[in-house]
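First the structure, in the form of structure tokens, and then the observations on it.
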Protein chains: 2
Amino acid sequence: MTTVDTPSTSTGSRPAFDAGKLDALLEEAGIDALAATSRHNVRYLLGTYSLFFEHFDAVADDRYLPALGYVRGRLDQGFLACSPLDVHHFSNVEPWTPSLVASGTTSVDTAAAVARLLGERGVETATIGIEDAFVPLRFHRELTRALPHATLVDVSPILEELRAVKRPDELELLRVVSERIVDAMAATMHATAPNTTTREIHDRLASEEVARGLGFEYCLLTAGTSLNRAPSTATWDPGGILSLDSGGTLHGYLGDLTRMAVLGEPTPRMREVLAEVQAVQQTARAVVRAGVLGGEVYEAAMATVADLPDAPHTAFVAHGIGLVTHESPRVIAGGPIPYDPEHAERPLEAGMVLSIETDMKAVDVGFVKLEDTIAVTADGYEAYGDGCREWTVVPC
Amino acid sequence: MTTVDTPSTSTGSRPAFDAGKLDALLEEAGIDALAATSRHNVRYLLGTYSLFFEHFDAVADDRYLPALGYVRGRLDQGFLACSPLDVHHFSNVEPWTPSLVASGTTSVDTAAAVARLLGERGVETATIGIEDAFVPLRFHRELTRALPHATLVDVSPILEELRAVKRPDELELLRVVSERIVDAMAATMHATAPNTTTREIHDRLASEEVARGLGFEYCLLTAGTSLNRAPSTATWDPGGILSLDSGGTLHGYLGDLTRMAVLGEPTPRMREVLAEVQAVQQTARAVVRAGVLGGEVYEAAMATVADLPDAPHTAFVAHGIGLVTHESPRVIAGGPIPYDPEHAERPLEAGMVLSIETDMKAVDVGFVKLEDTIAVTADGYEAYGDGCREWTVVPC
């Protein structure tokens, strides 16, 4: 195995996130304190996460639930409630929170600790932000019981906004994870023999990603003319195409890219459809720079789609990416996410990162797609992991 | 990469779980229908799980949440509410639920679908079981709003009980995952050069597990005399010991084992302390058979601990293992889980699976531990992945 040099988000006596921006967002919303409990927001606010519970959470009939507590304007009152199983890791990395409490491993333990710690900070009757889509009912019941005079409100949109513009250390992680995923895809494509099942190719890609120091998240793939993107006993046969769309993580930061291969030389028709997809992708990225409205990226891409010979079966999507696979700026409708029209009407900022994706369901060729990672800069963009965007030709 | 032959839980026109037992448990608790939403219980009741969302759930400011719906006594009314991103996988494996609804990718989408589907089945005013520790507040709010006359109760203990005795196909998965983890540990130990960091060893083990077709869950490890079990820049140096405690999954089923290595020949003292740990493990497993009370395993092990030269720094824990790392039968107190004294007072049944673990904090040697997987049989036990329980000697 190659030893990989992995950058990390910084920990230390001060947090890496912009506390001034968080305070302003909380004040605007009338929120006095927050307790973040989701994997992505705890990681964002803390700079690290539990190693033991990074990939699972269930214990007995309850679940692990960490809580990062923050009182507006008071970094000195920050706290982390976590499991005794986390203590070794946190003694190694020393996160910024002045208070670290190994309060237990269940959601009830954590709710009790959060109530006590917020009470000690004098905000037990204040407005407290929690994550409605991530706190379990059991946590909410216990917190409500223990803090009967607090007003609990959803803080999720504020934390999504806080994460929207990435710091240089976050951009570096997103660059590295994207490069490693493309490298893992190329290795997988070149190592695959004719007539291998998509299940085996899926598992091989997972293995190649983990061997490069990544967490494996998912792989959607197609072989030949099939449009079914789930791994199965279907095989990749000579003359057929392969699409690999995969997500992997590095310290929680997601790369999400799609690349194409063919077993043997691509046909003229294969070259034509990939060129169409590339044309849409190029149009979209060419528009990107700080100050452009998110919706302009979508409109430019869709204008190119409209002119394609294969327009009727071509789709374009773009979404922010970071610790969450679809996050702010959610510039256009489509994909699995709730669309927020406000995102389309706001200007892109330097440090935002977009995943832009064009796919074509070409019945004569198969599922043809490119997905690229585009970091917004002051005067344009930088593409992460931008190799292998032509047909990867695998001899057979 | 070696291609691995992976067994799978069956899908088909009938579910693999014991519907009669579930009906009896629900009736005893007065529950008319249930909507399971946790990863482990959806997988258990369905026989498979989303591939796209197997490792993450966050999307925008909400989360993916599947729901498996079941009306007591009515397999014909079973349903799955899932994401459009799941449809390709489920069209490949064809789960047993007569109704499969791609209702959306957020917890709000799922709550609305569950309310509608339960309403169509005529149980909108009934007692409905949900998982209190796993449903997000946002799901609960929407479900309560949409089903104002339903009584929502916690169904978690019933589902934990339903999973306690494993079927032959589950036992086979637990056997295979345990064997592969031990094999991955041996490969990692033998491939490690002196002075490698524990972070690198951790990443190597993850890679070896994934290369064997497993999901990597966690690895706690120590090197030399350190008792800190989190990966770091600490190195495994000549003459020092290494403990590897790791969890991996196969179709969601967890293996969790600990094995020991030494760089160079073990000292007499090293042989002594591992023999002490082995003595406790042997005592515990020798007691195991159907009909024995869970607490008897604990008492036997603790009696052996009491006689050890290193008794004061030796600990014993045992817990059920399956789709959840600590699950029924939770035979003794200790570890991260809530202790349930009823578990200690009930007889073990054939098909239950225990993880038994003994660790010793020997300041002169380091952290010495064995953790084994013990399946209960009618007249004894079967140990899964039972190799490498002596010192693995790595030349240096």
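The values are calculated or read from the model by the stated rules, or taken from the named source; none is laboratory data. Remember, it's a predicted structure, so these values are computed and weren't measured experimentally. No Cβ is skipped: glycine too gets one built from the backbone with ideal geometry, and neighbour counts run over all protein chains shown. Just the protein is used for accessible areas: all its heavy atoms, side chains included, with ligands, DNA and RNA removed. Shrake-Rupley method; radii C 1.70, N 1.55, O 1.52, S 1.80 Å.
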Between copies, how far does the label point of B:Asp237 sit from its twins, in nm, shortest first, when each point is 7 Å from Cα along Cα→Cβ? 6.0
Count the net charge of all other residues whose Cβ sits under 13 Å from the Cβ of B:Leu174, scoring Lys and Arg as +1 and Asp and Glu as -1. -4
Read phi for every residue in segment B:354-366 and hand back ³J(HN,Hα) as whole Hz from Karplus 6.51 cos²θ - 1.76 cosθ + 1.60, θ = phi - 60°, with x for Gly and Pro. 10, 9, 10, 9, 10, 10, 10, 9, 8, 4, 7, 10, x
Which residues belonging to segment A:137-180 lose at least 50 Å² of 1.4 Å-probe accessible area when the assembly is complete, relative to their chain isolated? A:Leu137, A:Arg138
Check each residue of segment A:51-71 and keep those whose accessible area, probe 1.4 Å, is at least 50 Å² smaller with all protein chains in place than in the chain alone; give them in order of residue number. A:Leu51, A:Phe52, A:His55, A:Phe56, A:Ala58, A:Ala60, A:Asp61
The long-range amide H neighbours of A:Leu293, using H built 1.01 Å from N in the peptide plane and a cut-off of under 5 Å, are A:Leu348
Förster radius 60 Å - calculated FRET efficiency between A:His149 and A:Ala191, Cβ distance, rounded to 0.05: 0.45
If the cut-off is a Cα-Cα distance under 30 Å, which lysines reach A:Lys361, setting aside same-chain residues fewer than 8 apart in sequence? A:Lys369
Cα shape, segment B:211-299, gyration tensor, a/c 1.5 rule: oblate
On average, how many beta carbons from a partner chain sit within 10 Å of the beta carbon of a residue in B:87-94? 4
Write down the accessible area per residue of the protein assembly as shown in Å², having rolled a 1.4 Å probe over the full set of protein chains. 33
Once the Cα gyration tensor of segment B:110-198 is found, what semi-axes does its equivalent ellipsoid get, as square roots of 5 times the eigenvalues, in whole Å, sorted largest first? 45, 18, 11
Compute the accessible area of each residue in segment A:114-134 twice, once for its chain alone and once with every protein chain present, using a 1.4 Å probe on heavy atoms, and list those whose area falls by at least 40 Å². A:Asp132, A:Ala133, A:Phe134
In terms of the Cα gyration tensor, with a ≥ b ≥ c the square roots of its eigenvalues, is the protein assembly as shown rounded because a/c is under 1.5, prolate because a/b exceeds b/c, or oblate? rounded
Amide H to amide H under 5 Å from A:Val101: which residues, 5+ apart in sequence or cross-chain, H placed 1.01 Å off N in plane? A:Leu80, A:Ala81, A:Cys82
What's the minimum Cβ distance from chain A to the axis relating it to B, in whole Å, and which residue gives it? A:Val210, 2
Shape call, segment A:237-396: gyration tensor on alpha carbons, a/c limit 1.5: prolate
What ³J(HN,Hα) values, in whole Hz, does the Karplus curve 6.51 cos²θ - 1.76 cosθ + 1.60 give for segment B:306-311 when θ = phi - 60°, with x put for Gly and Pro? 4, 8, 6, x, 9, 3
Among A:Arg145, A:Arg163, A:Arg204, determine the one that fluctuates most according to a GNM of chain A built with springs between C-alpha atoms less than 10 Å apart. A:Arg145
Each label sits 7 Å from Cα toward the beta-carbon; between A:Arg289 and B:Asp364 the label points are separated, in nm, by 7.2
Chain pair A, B: how much accessible area is buried, both chains summed, with a 1.4 Å probe, in Å² to 100? 5400
Measuring from a point 7 Å out along Cα→Cβ, what nm distances, shortest first, does B:Arg116 have to its partners in the other copies? 4.5
Between the alpha carbon centres of segment A:290-307 and segment B:87-118 the gap in Å comes to 33
What are the label-to-label distances in nm, one decimal and shortest first, from B:Arg145 to the same spot in the other copies, with labels 7 Å along Cα to Cβ? 2.6
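Would you mind counting up the charge near A:Gly248? Only other residues with Cβ under 10 Å from its Cβ, with Lys and Arg at +1 and Asp and Glu at -1. Provide the component values of the computation, followed by the final result.
Numbers: positive: A:Arg180, A:Arg212; negative: A:Glu208, A:Glu209, A:Glu217, A:Asp256.
Once positives and negatives cancel, what remains is -2.
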Once amide H atoms are built 1.01 Å from N in the peptide plane, which residues 5 or more positions from A:Trp96, or in another chain, come under 5 Å H to H? A:Gly12
Which lysines have a Cα less than 27 Å from the Cα of B:Lys21, not counting those fewer than 8 places away in the same chain? B:Lys166
Taking θ = phi - 60°, what integer Hz values does the Karplus form 6.51 cos²θ - 1.76 cosθ + 1.60 yield along segment B:268-277, in sequence order, with x for Gly and Pro? x, 5, 4, 4, 5, 5, 5, 5, 4, 4
Which percent of the accessible area of the protein assembly as shown is formed by carbon and sulfur heavy atoms (probe 1.4 angstrom)? 51
Can you compute the modelled spin-label distance between B:Asp183 and B:Glu161, with each label point 7 Å from Cα toward Cβ, in nm? 3.8
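Assuming a viscosity of 0.890 mPa s and a temperature of 25 °C, what translational diffusion coefficient in µm² per second does Stokes-Einstein assign to chain B, Rh being the Kirkwood radius over Cα pairs?
Answer, rounded: 109 µm²/s.
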How much of A:Asp18 can a 1.4 Å solvent probe reach, expressed as accessible area in Å² and rounded to 10? 90
Heavy-atom accessible area order for B:Cys388, B:Cys396, A:Cys219, largest first, 1.4 Å probe: B:Cys396, B:Cys388, A:Cys219
